[in-house]
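See below for the structure under consideration.
Any read-out appearing in this document is the output of simple, stated calculations on the displayed coordinates, not a laboratory observation. None of the values given here were measured: they were computed from a predicted structure. All Cβ positions, glycine included, derive from the backbone under ideal geometry; neighbour counts span all protein chains shown.
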Amino acid sequence: MWWKKKDKNVQVIEEKKEASLLEKLCGDDGKLYSFLNHYLLMDPLAGISEKDIDILIEEAETSGDFRPAMDKVIFEATQNPEEREKHIKVIQNLASKTIDAMEQEKEKAEKKGLTDRVTSLGKRIENQKFMSERTEDIINTASKFYNEKLVELGADERRIARGRERQIAEGNEWNIGVQEKVEREKRKEERKKMGKEERREAEKQEIMEELAADERKEERAEKRREAEREEGRIEEVEKADRETRSQERRDN
């Protein structure tokens, strides 16, 4: 697979920022928004299993939990539009199997008088019916949402990488400064043991070394400033790209 699993926690959309994006994608379709707001993953790279769909389906048929398989199929459908029809059929089939499994659980809960459980299962069954009836709309909206999330996640990773590079550069600069200080102290102690003429020459050499060290320090500082300017340019480009994508969503 081309994506990497980052952690084991499956998270749904709860933050205001994500809901705002989803609201724009769903428009006036309140039912679609309500469903996807509790179904789509904030981080598909972290929340979706790396296992093949067939394996997830086999596991689901044994455990009765079809959610991991459903999440995987929806994501695959958003990333492979040429196979969308095939994925739609798989999603609808999984929804049907999920409904069957939940209806059996609901019957058992009704016999035991577990009112809350019956109510919960009833809502989940309705959600799966919605999944089956609105599969195409769900995939279309999920495609826009997940594609935007993947772009944002990529930008975040690059930003983190640039931050690490800055930390490494700062650490290297500190190490160089410490080493230069040690070397200056060492030369200072050596000059104390020298004769007058030899010490005079060593002091001249020390001045030249200090000048060279200052030049190297300034070169490193300029590289850091250029890296900061480049990061600023990258941030501006990414911001412009976000605004362009946002405008395209409004236009559509």
Quiz item: Based on DSSP H runs of at least 4 residues, each adding -39500 (n - 2.57), what is the mean residue ellipticity at 222 nm of the chain after dividing by all its residues, to the nearest 500 deg cm²/dmol?
Solution: -29000 deg cm²/dmol
Quiz item: Quick one, what does Rg over Rh come out to for the stretch 16-93 if you take C-alpha atoms and the Kirkwood Rh?
Solution: 1.00
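Given all pairs of different Cα atoms, what value in angstroms does the Kirkwood hydrodynamic radius of the stretch 151-251 take?
On the way: mean 1/r = 0.0572 Å⁻¹.
About 17.5 Å for the stretch 151-251.
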Quiz item: Out of Phe66, His87, His38, whose Cα points farthest toward the positive end of the dipole of the stretch 16-149 (charges: +1 Lys, Arg; -1 Asp, Glu; placed on Cβ)?
Solution: His38
Practice problem: Using a 10 Å cut-off on Cβ atoms, rank the peptides 38-46, 197-205 from the highest mean neighbour count down. | Solution: 38-46, 197-205
Self-check item: C-alpha center-to-center spacing [the stretch 131-175, the stretch 75-111] in angstrom
Solution: 28 Å
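Could you tell me which of rounded, prolate or oblate describes the stretch 16-149, using a ≥ b ≥ c as the square roots of the eigenvalues of the alpha-carbon gyration tensor, with rounded for a/c under 1.5 and, failing that, prolate when a/b is larger than b/c and oblate otherwise?
Numbers: a/c = 1.98, a/b = 1.36, b/c = 1.46.
Because a/c hits 1.5 or more and a/b fails to exceed b/c, the stretch 16-149 counts as oblate.
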Quiz item: For the stretch 207-213, what does the Karplus curve 6.51 cos²θ - 1.76 cosθ + 1.60, with θ = phi - 60°, yield as ³J(HN,Hα) per residue in whole Hz, taken in order and with x for Gly and Pro?
Solution: 4, 5, 5, 5, 4, 5, 5
Quiz prompt | Estimated vicinal HN-Hα couplings, Hz - the stretch 121-133 in sequence order (Karplus 6.51, -1.76, 1.60; Gly, Pro = x) | solution = 5, x, 5, 5, 5, 4, 4, 5, 5, 5, 4, 5, 6
